[in-house]
Amino acid sequence: MMRIRDGGSGFAGSGGGSGSRSDQFRQGRRPGQKVRGKLVKWVSEGMAWILIDGHSLLAQLQSRPPEGSFLTFTIKQLTPEIVLKEIFGGGGGVPDSLAAASAFETARTLFENRFRPHGPTLAVSDTASRLPRFMALLAGETALFAAYLDALDCTEGINTLFASQRTGRIAYQPWLTPLCRRQLTRTHHPDAATGQGLVEVVVECEAGPLGLVRVEFLHKTAATGYRVKVQRASRIQDLKTFLQSRMHLPETGIECHGVGKLPQSEHGGILAEFIFTR
C-alpha cells in the first residue's frame, strides 16, 4: 500500500494554488480508479517523491523500486488520507511478461481517457499531417504528454524484454486511428542486418461496431499488399465499400488482398501474441 502525505497549503511546490497537492490530486478522482506514477527520488527510508499526472506527491512505499520506475496503483481511498495500492510490478511472483503487459494496458487506457476529446479534431486531418498535429497537441498538454511518454516507456520495456528473441517490435501510434481504442503496431523484419527479405507490419485497433480490426501489410522490394481482418463479420461489406471508395488508389502501388473475418485465435490482439506466443 502507498500512503500520500498531505502537506497542507504549505506543501512544497503546490504552485501557489488553493489547497495542497493532495487536494489537487483528489479533484476528479474516485476510489477504484487506476493511476500511474513515476518514482522520481527517494528522500528517506520508505519515503519518495512520486510524479502522477503532473502532481509531485511525497509517498510512503512498502516496496523499494529504483528511481525512475513506473508504478501502477488502484485508489483505495481519498479521505481522510490518500491510500493507493500497487497492483503491478516486477515482484510478488508475477512473471515479467505479465507485469509488462499489464503495465502497458493500464498506461494506454489512462492515455486514451485523456486523448479521447481530441480524437475528432485529429481525425479530420489528412493522414500526412496527423503526426505533426499530434506532436503539437502533446506539446500543449503537459498531462497528456506525460501519459503518452508512460505508454511509450511500457512498449520499450516489452521490446527490451523480448529483444533477444527476434520477434519484431511493438509501437503505440494513436494518431493513426484517433477515433479508435487500443491501437498497437507490430513490425517484423526477418533480416534487419541486411535489410533484405519480407517486411511485415500489423496495425490493429478497436473500431466501434467493427470490433477489433487488424490490417496486415507485407512489403518486398517495390510491392506492398495488405489484408484486413474484422472481428464482427456483419460489417465486412461496409468496410469493403469504404476501402474501395477511399483507400484503394492504383497510383499508390498498394494492393488490397482482401477483407475477411478475424479468426477467434487472434481476438486476444497483438500484445497477447507478441508476449505469449513463442
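With each pseudo-label sitting 7 Å past Cα toward Cβ, what's the residue 198-residue 264 distance in nm, one decimal?
For residue 198 paired with residue 264, the spin-label model returns 2.7 nm.
Using only C-alpha atoms and all pairs of different ones, pull out the Kirkwood radius for segment 95-276 in Å with one decimal.
17.6 Å
Between residue 142 and residue 221, what's the calculated FRET efficiency when r is the beta-carbon distance and R0 is 45 Å? Round to 0.05.
0.55
Label points 7 Å out from Cα along the Cβ direction at residue 62 and residue 133: separation in nm?
4.8 nm
With a sphere of radius 11 Å drawn around the Cβ of residue 123, what net charge do the other residues whose Cβ falls strictly inside it have (Lys, Arg +1; Asp, Glu -1)?
Combined, the nearby Lys, Arg, Asp and Glu give +1.
Using the Karplus curve 6.51 cos²θ - 1.76 cosθ + 1.60 with θ = phi - 60°, work out ³J(HN,Hα) for each residue of segment 60-68 in order, rounded to whole Hz, and write x for Gly and Pro.
Along segment 60-68, the couplings run 9, 10, 8, 7, 10, x, x, 4, x Hz.
If the only charges are +1 at each Lys and Arg Cβ and -1 at each Asp and Glu Cβ, what is the size of the charge dipole of segment 95-276 around the Cα centre, to the nearest 20 debye?
For segment 95-276, the charge dipole is close to 500 debye.
Just to verify a number: FRET efficiency for residue 121 and residue 232, C-beta to C-beta distance, R0 = 25 Å, to 0.05?
The calculated FRET efficiency here is 0.40.
Carbon and sulfur together cover what percent of the accessible area of segment 95-276 at a 1.4 Å probe radius?
57 percent
Multiply the residue gap between residue 149 and residue 242 by 0.36 nm, knock off their C-alpha separation, and tell me the result in nm, one decimal place.
In short, 30.2 nm is gained.
Over 20 Å between Cα atoms: which of 34/85; 34/229; 220/240; 220/261 fall into that group?
Where the Cα-Cα span goes over 20 Å, the pairs concerned are 34/229; 220/240; 220/261.
Between residue 156 and residue 276, what is the spin-label point distance in nm, taking each point 7 Å from the Cα along the Cα→C-beta axis?
With each label point 7 Å from Cα toward Cβ, the separation is 2.8 nm.
Can you compute the FRET efficiency between residue 257 and residue 163 using 1/(1 + (r/R0)^6), with r the Cβ-Cβ distance and R0 = 30 Å? Round to the nearest 0.05.
It comes out at approximately 0.50.
Over segment 56-180, calculate the relative contact order: mean separation of alpha carbon pairs under 8 Å at least 6 apart, over the residue count, as a percent.
24 percent
The values are calculated or read from the model by the stated rules, or taken from the named source; none is laboratory data. Because the structure is a prediction, the values reported are computed rather than measured. With ideal geometry, Cβ positions are generated from the backbone for all residues, glycine too; neighbour counts draw on all protein chains shown. Accessible surface areas use protein heavy atoms only, side chains included; no ligands, DNA or RNA. Shrake-Rupley method; radii C 1.70, N 1.55, O 1.52, S 1.80 Å.
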